[in-house]
């Protein structure tokens, strides 16, 4: 990126005028004291924007937050981990609204000023008895923190929190962008089992912000896949409160274009962090498809390659297996001609014109043994391209995801099922 | 099926007038003596039909066999395992044709009377020096055998041969249908393309046979998935030589309908055998989608569920996880309404109206612990339905598919790369 940015401390709490807090309620596990309920609040009125899962099975908090966002926008967000509040019917909607109301009251806001996000197990009722008594606590603890507590409160199978904060110059005014993301499984294009929260003290009109968010998500979070499964809860929310003191950006003006560039870079960094922390992931693989007839052809090829269980197994094994890559290209339904396809692995030709290239196999094996490498697939048929960020699939991933019975047992103990 | 059939001994050699043979050439592994080249031959002229992979990267033998089939039909088929002859360019086409010519000559046939099928590793040249000297041998050994040798010669990562033979009555004449199939993944690197060969001594017009094959494959082999990867070599070939002595069937006549019913049942049995023998598979799962608005909606739902890594991991773990099933239904792009969806596992309700049903969890766990069970997904929106046969995905599958470096090393030793 050609815009100078400075990495600053913290995450979603790093932008001016935003307060965050977190408490542990025992939603994740009543026996272990871990943060699992968090709050973000803008001290001053702000603009907000968001995108949500395209899964037709939508979790209750997704439905509620979509409605609240459309109404007057959000000024606060409550989020929990440990339970997704998905497939929970009318009760789920009631619970999601109760969570908004719970913090809206002590904050002096309307219920519809608050967004709600949940992540965790699907199909079990929210253990509201653990949450209900904690709203005041959550609001009392609000402070100008960096947001680490909030970032911890939203993670599930993630091995660590994923935060980022930067500052940059917008026509003489210093502006901050802070964010955090969670997600490690159920990650697929069209948004992942993934929650992302971004705050900024930039002053940007609401519809301009919404447009920028949609465009940037398309080129960041929609370009990652770990296991090809798309979640019921995926949400990206951005709040902009103008607390940097800058004057309002003009739509399509120079400051707006700069902001959009930084936002895209910012989202891409968070998206890549999700892949790197994918469940039992050992490789981070960038797949660049070039020379496609159309954008859609390039996208189909990238998605087929990045989702193929066999390709991902070979990456896990450190095998520079271009045969499996080209077979996925072949079934992608993109318009391709086998004899035109070039595949480079780690910058070295593995397949040229659909045939094995003469790069020594040991050299390719060394490149694929690295924790991060790139695959370039040139279809040599046109000018369209598409990049995706993917990972290997490990035996440990399957092992890790064999059973969620423990969650059900806890819900049983709680009298919820 | 309402047609009485009798299981008879043997496989692809069980129908009258068909001879089979097999030899070991060392294509699979030069150091181990295993059958890896086989031949099927009809003593009398016959009709033939086939379907092939829709992968746009097609192996050389697929291209050659398609051409030969269109020309005059096939009277013999040569097949090998150990090398797929895929992504091998002009040389691959030459090699595939040479294999047809190699057996055509001693059989007194034209090159185009012979079909060729290969399965194994992709992207490495065929080790023709191992095959060239064996054509006469293959033809000399042709005999009225049951076909076990041929069935052995085409398997790769399969744990056993998969054969079936039946006889049934067509208006007073006893007709035989014999077949074998190989495949342990839709494609697997360690060699597992799906190849299916069926012979019959029924007397059926060529275009009627072709139509029946297309229809029956759609409802059998196109309904299975192990890893979601589609091969470059998938082939189903059927030869009918009329040696039962029956008069030619009339198109759309009663005998034709009976034959089609038996053929569908036959292909389904072979297709299910492929799933049961899938690479490191521990569960055989039938997924029935009902109540969809359209056939395509039902198909989308079945495919999404059967291909989801998370659903398959839960089956591996014996976890009756309906939450993951409904989340896959949601992202299938089928038209669904969450609150109408019922999911039964092993005949017991797990989810009703999109919510957890009250079947005791331990009861569901017992059902999913079985090696075979059914999942019924009722969308309650229409009358269309679709059934697929699937398997779990195991840590061992990934482990098994991590690398095919050994094949490359052998090709290197052979001076092929």
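Taking the residues in segment A:212-258 that are under 18 Å from the mean Cα position of the chain (by Cα) and free of Cβ contacts under 8 Å to residues at least 40 places away in the same chain as candidates, determine which candidate is nearest to residue A:397 (Cα to Cα).
Here is the first cut: in segment A:212-258, the residues under 18 Å from the mean Cα position of the chain (by Cα) are A:212-239.
Checking the rest, the ones that are also free of Cβ contacts under 8 Å to residues at least 40 places away in the same chain come to A:218, A:222.
Working: A:218: 26, A:222: 21 Å.
The qualifying residue nearest to residue A:397 (Cα to Cα) is A:222.
Of everything in segment A:45-75 that is more than 22 Å from residue A:212 (Cα to Cα) and away from chain B (no Cβ under 14 Å), the residue that is farthest from the chain's Cα centre (by Cα) is A:64.
Residues of segment A:135-152 that are buried (at least 19 other Cβ atoms within 10 Å of the Cβ) and either over 13 Å from residue A:11 (Cα atoms) or not assigned by TED's automatic domain parsing to the domain that holds residue A:196 (or both): A:135, A:138, A:139, A:142.
Test of understanding: among B:46, B:25, which residue is buried (at least 22 other Cβ atoms within 10 Å of the Cβ) and within 23 Å of residue B:232 (Cβ to Cβ)? Talk me through it step by step, then tell me what you get.
Working: B:46 fails: within 23 Å of residue B:232 (Cβ to Cβ).
Testing whether each residue is buried (at least 22 other Cβ atoms within 10 Å of the Cβ) and within 23 Å of residue B:232 (Cβ to Cβ) leaves just B:25.
Of the residues examined, residue A:393 is not one that is more than 10 Å from every other protein chain (Cβ to nearest Cβ) and either touching a residue at least 12 places away in the same chain (Cβ under 8 Å) or farther than 19 Å from residue B:85 by Cα (or both). Tell me, please, whether a residue that is surrounded by 24 or more Cβ atoms within 10 Å (Cβ to Cβ), modelled with pLDDT of 95 or more and within 25 Å of the chain's Cα centre (by Cα) can be found in segment B:292-301. The answer is yes; a qualifying residue exists. Of all the criteria given as (1) within 12 Å of chain B (Cβ to nearest Cβ); (2) surrounded by fewer than 24 Cβ atoms within 10 Å (Cβ to Cβ); (3) in contact with a helix residue (DSSP H, G or I) (Cβ under 6 Å, 6 or more places away or on another chain), the one not satisfied by residue A:310 is (2).
Kindly establish whether residue B:233 is surrounded by fewer than 23 Cβ atoms within 10 Å (Cβ to Cβ) and in a loop (DSSP other than H, G, I, E, B). Answer is no for this residue. Among the residues here, residue A:257 does not qualify as assigned by TED's automatic domain parsing to the domain that holds residue A:13 and outside any helix (DSSP H, G or I).
Of the numbered criteria (1) more than 7 Å from chain A (Cβ to nearest Cβ); (2) buried (at least 22 other Cβ atoms within 10 Å of the Cβ); (3) touching a helix residue (DSSP H, G or I) at 6+ places or on another chain (Cβ under 9 Å), the one residue B:329 fails is (1). As a summary of the residue check, residue A:92 satisfies the conditions (1) modelled with pLDDT of 95 or more; (2) touching a strand residue (DSSP E or B) at 6+ places or on another chain (Cβ under 7 Å) except for the one numbered (2). Once segment B:313-326 is narrowed to residues that are closer than 20 Å to residue A:56 by Cα and within 9 Å of another protein chain (Cβ to nearest Cβ), the residue that is surrounded by the fewest Cβ atoms within 10 Å (Cβ to Cβ) is B:324.
Output the residues belonging to segment B:339-354 that are under 20 Å from residue A:85 (Cα atoms) and either more than 10 Å from chain A (Cβ to nearest Cβ) or crowded, with 21+ Cβ neighbours inside 10 Å (or both).
Step one: of segment B:339-354, the residues under 20 Å from residue A:85 (Cα atoms) are B:339-343, B:350-354.
The answer is B:340, B:341, B:342, B:343, B:350, B:351, B:352, B:354.
Report yes if residue A:289 is in contact (Cβ under 8 Å) with a residue 60 or more places away in the chain and within 21 Å of residue B:86 (Cα to Cα), otherwise no. Can you show your working first?
Numbers: in contact (Cβ under 8 Å) with a residue 60 or more places away in the chain: yes; within 21 Å of residue B:86 (Cα to Cα): no.
No; evaluated as a whole, the condition is false for this residue.
Total residues in segment B:398-416 satisfying the condition of being touching a residue at least 12 places away in the same chain (Cβ under 8 Å), more than 7 Å from every other protein chain (Cβ to nearest Cβ) and within 15 Å of residue A:323 (Cα to Cα): the figure is 2.
Residue by residue, here is whether (1) modelled with pLDDT under 95; (2) in contact with a strand residue (DSSP E or B) (Cβ under 9 Å, 6 or more places away or on another chain); (3) farther than 22 Å from residue B:244 by Cα holds:
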site: B:131; (1), (2), (3): no, yes, yes
site: B:167; (1), (2), (3): no, yes, no
site: B:192; (1), (2), (3): yes, yes, yes
site: B:204; (1), (2), (3): no, yes, no
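The condition of being in contact (Cβ under 8 Å) with a residue 40 or more places away in the chain, touching a strand residue (DSSP E or B) at 6+ places or on another chain (Cβ under 7 Å) and more than 23 Å from residue A:338 (Cα to Cα) does not hold for residue B:69.
Could you list all residues from segment B:236-256 that are surrounded by 15 or more Cβ atoms within 10 Å (Cβ to Cβ) and in contact with a helix residue (DSSP H, G or I) (Cβ under 7 Å, 6 or more places away or on another chain)? Talk me through it step by step, then tell me what you get.
Looking only at segment B:236-256, we keep the residues that are surrounded by 15 or more Cβ atoms within 10 Å (Cβ to Cβ), and these are B:236-244, B:246, B:249, B:255-256.
Matches in segment B:236-256: B:236, B:238, B:240, B:249, B:256.
The values are calculated or read from the model by the stated rules, or taken from the named source; none is laboratory data. This structure is a prediction, so every number in the text was calculated from the model and none was measured. We place every Cβ from the backbone using ideal geometry, glycine too, and count neighbours over all the protein chains shown.
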